[in-house]
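Undergrad: Attaching a single structure in structure tokens format; questions to follow.
The values are calculated or read from the model by the stated rules, or taken from the named source; none is laboratory data. Fair warning: this is a prediction, and the values are worked out from it, not measured in the lab. Every residue, glycine among them, receives a Cβ derived from its backbone with ideal geometry; neighbour counts consider all protein chains shown. These area figures cover heavy atoms from the full protein model, side chains too; ligands, DNA and RNA do not enter into them. Shrake-Rupley method; radii C 1.70, N 1.55, O 1.52, S 1.80 Å.
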Amino acid sequence: MNRFNLIATLIIFLKYSKISLKTTLEYKFDRSLIVFAIFCREMTSVIVMFLILTRFLHIKGWELNELFFLYSFLFLSYSLFVFLFAGVRDFDGMVHSGEFDRFLTRPLGLLFQIIASRVDYPATLGHGIVGALLFLNTAFSVGIDWNLTNIIYYIVALLGGAIIQASIFMLSSCFSFWTVKTENIRNLIFFNSRRIAGYPISFYPGFIQKLLIFVVPFAFVNYFPAQFYLRKDDLHSFWDGYLYLTPVVGIVMFILVYMVWKQGVKNYSSTGNSLQ
């Protein structure tokens, strides 16, 4: 892609985002309630964790602030994910409604249209606020020196975590080409794994650890990025190289899943629900 095409693509993406923002602001009160509801829902899980953990000084060497620092990666990376890749998250709905059929007739890349067509601002804010609160209340109390290297690593880790989550959603969405509705598959693969990843993977048996490293790699979304800063003793159970692989895992996963997605496009037949 040359420089002109890159700039043109960026302009189109920004126009799509502007349309999504206008749609969101058209129902300000409703969207504000959604943001508040998401915030309350996610804060409930944080409060439950807090109430459980306050009964212990630490769990397997992890103190409360360190666990919340770990947890903050999940919220902030998910917030970034739904800002950049909400279209991937909602892809099965596009197939079911017939909206995907319209993308097939437009002179733009299919995946670009899917990504650019949706920005979930309420979810971005709801999860982002929770993540920011956790980060701000822990990042400066767990002994981290926020020098330039650590800041750059943190940004790259969040981007890598967002791409990993996009890849997981995209993989579950690929089943839409054959089964149309994939909500149960998505919940099984993504949300259950995300719930387990709220705690250090060293808390779990070896089978679960391998699942979160090699199959549904949420360990690279929060555990290994958090360990880059904290260096807890349980890190010795894992290869040190994992600390630096979050962006690599994200890129490799996305490429592999994109290959599956392209195969699905070749075998796609319309659901017959295309909107006029």
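Undergrad: If I filter region 209-218 down to residues being in a helix (DSSP H, G or I) and either in contact with a Ser or Thr (Cβ under 9 Å, 6 or more places away or on another chain) or open to solvent by 40 Å² or more (accessible area, probe 1.4 Å) (or both), which single residue comes out as nearest to V46 (Cα to Cα)? Give the derivation first.
TA: Of region 209-218, the ones in a helix (DSSP H, G or I) are 209-215, 218.
Now narrow it down to the ones that are either in contact with a Ser or Thr (Cβ under 9 Å, 6 or more places away or on another chain) or open to solvent by 40 Å² or more (accessible area, probe 1.4 Å) (or both): 209-212, 214-215, 218.
Working: Q209: 22, K210: 25, L211: 24, L212: 21, F214: 27, V215: 26, F218: 18 Å.
Going through the qualifying residues, I end up with F218.
Residues checked against (1) at pLDDT below 95; (2) within 29 Å of A139 (Cα to Cα); (3) assigned to a helix (DSSP H, G or I):
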residue	(1), (2), (3)
L159	no, yes, yes
L171	yes, no, yes
K181	yes, no, no
N184	yes, no, yes
N192	yes, yes, yes
Y199	yes, yes, no
F207	yes, no, yes
L243	no, yes, yes
G272	yes, no, no
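Conditions (1) among the hydroxyl-bearing types (S, T, Y); (2) within 28 Å of K262 (Cα to Cα); (3) out of contact with any strand residue (DSSP E or B) (no Cβ under 6 Å at 6 or more places or on another chain), marked per residue:
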{"residue": "Y71", "(1), (2), (3)": "yes, no, yes"}
{"residue": "F81", "(1), (2), (3)": "no, yes, yes"}
{"residue": "I115", "(1), (2), (3)": "no, yes, yes"}
{"residue": "P122", "(1), (2), (3)": "no, no, yes"}
{"residue": "H127", "(1), (2), (3)": "no, no, yes"}
{"residue": "D145", "(1), (2), (3)": "no, no, yes"}
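Undergrad: Criterion first (surrounded by 18 or more Cβ atoms within 10 Å (Cβ to Cβ), over 23 Å from L159 (Cβ atoms) and modelled with pLDDT under 90) does V95 satisfy it? Reasoning before the result, please.
TA: Numbers: surrounded by 18 or more Cβ atoms within 10 Å (Cβ to Cβ): yes; over 23 Å from L159 (Cβ atoms): yes; modelled with pLDDT under 90: yes.
Answer is yes for this residue.
Undergrad: Does A123 satisfy being closer than 20 Å to S172 by Cβ and in contact (Cβ under 8 Å) with a residue 60 or more places away in the chain?
TA: Numbers: closer than 20 Å to S172 by Cβ: yes; in contact (Cβ under 8 Å) with a residue 60 or more places away in the chain: yes.
Criteria met by A123.
Undergrad: State whether one or more residues within region 219-236 are exposed (fewer than 15 other Cβ atoms within 10 Å of the Cβ) and within 23 Å of Y78 (Cα to Cα). Working first, answer last.
TA: Going residue by residue through region 219-236, those that are exposed (fewer than 15 other Cβ atoms within 10 Å of the Cβ) are 231, 233, 236.
Narrowing further to those that are within 23 Å of Y78 (Cα to Cα): none.
Taking every residue of region 219-236 in turn, none turns out to be exposed (fewer than 15 other Cβ atoms within 10 Å of the Cβ) and within 23 Å of Y78 (Cα to Cα).
Undergrad: Then there is this: Does S141 satisfy the criteria of being among the polar types (S, T, N, Q), over 23 Å from L256 (Cβ atoms), at pLDDT 85 or above and in a loop (DSSP other than H, G, I, E, B)? Let's see the steps before the verdict.
TA: Values: among the polar types (S, T, N, Q): yes; over 23 Å from L256 (Cβ atoms): yes; at pLDDT 85 or above: yes; in a loop (DSSP other than H, G, I, E, B): yes.
Yes, satisfied.
Undergrad: Out of all the residues in region 39-53, which are within 20 Å of L125 (Cβ to Cβ) and either in contact with a Gly (Cβ under 6 Å, 6 or more places away or on another chain) or open to solvent by less than 30 Å² (accessible area, probe 1.4 Å) (or both)?
TA: Pass one, region 39-53, residues within 20 Å of L125 (Cβ to Cβ): 39-47.
The answer is F39, E42, V46.
Undergrad: Could you pull out the residue among F112, F83 that is part of a helix (DSSP H, G or I), touching a Ser or Thr at 6+ places or on another chain (Cβ under 6 Å) and open to solvent by 30 Å² or more (accessible area, probe 1.4 Å)?
TA: Working: F112 fails: touching a Ser or Thr at 6+ places or on another chain (Cβ under 6 Å).
Answer to the selection: F83.
Undergrad: Exactly one condition in (1) at pLDDT 95 or above; (2) under 24 Å from I34 (Cα atoms); (3) open to solvent by less than 10 Å² (accessible area, probe 1.4 Å); (4) aliphatic (A, V, I, L, M) is not met by L134; state its number.
TA: If we test L134 against (1) at pLDDT 95 or above; (2) under 24 Å from I34 (Cα atoms); (3) open to solvent by less than 10 Å² (accessible area, probe 1.4 Å); (4) aliphatic (A, V, I, L, M), just (3) comes out false.
Undergrad: Next question. Filter region 54-78 down to the residues that are within 24 Å of the chain's Cα centre (by Cα) and open to solvent by 10 Å² or more (accessible area, probe 1.4 Å) and list them by number.
TA: Across region 54-78, the qualifying residues are L64, N65, E66, F68, Y71, L76, Y78.
Undergrad: Would you point out the residue of region 98-109, among those that are under 17 Å from Y258 (Cα atoms) and not in a helix (DSSP H, G or I), that is most open to solvent (accessible area, probe 1.4 Å)?
TA: L104
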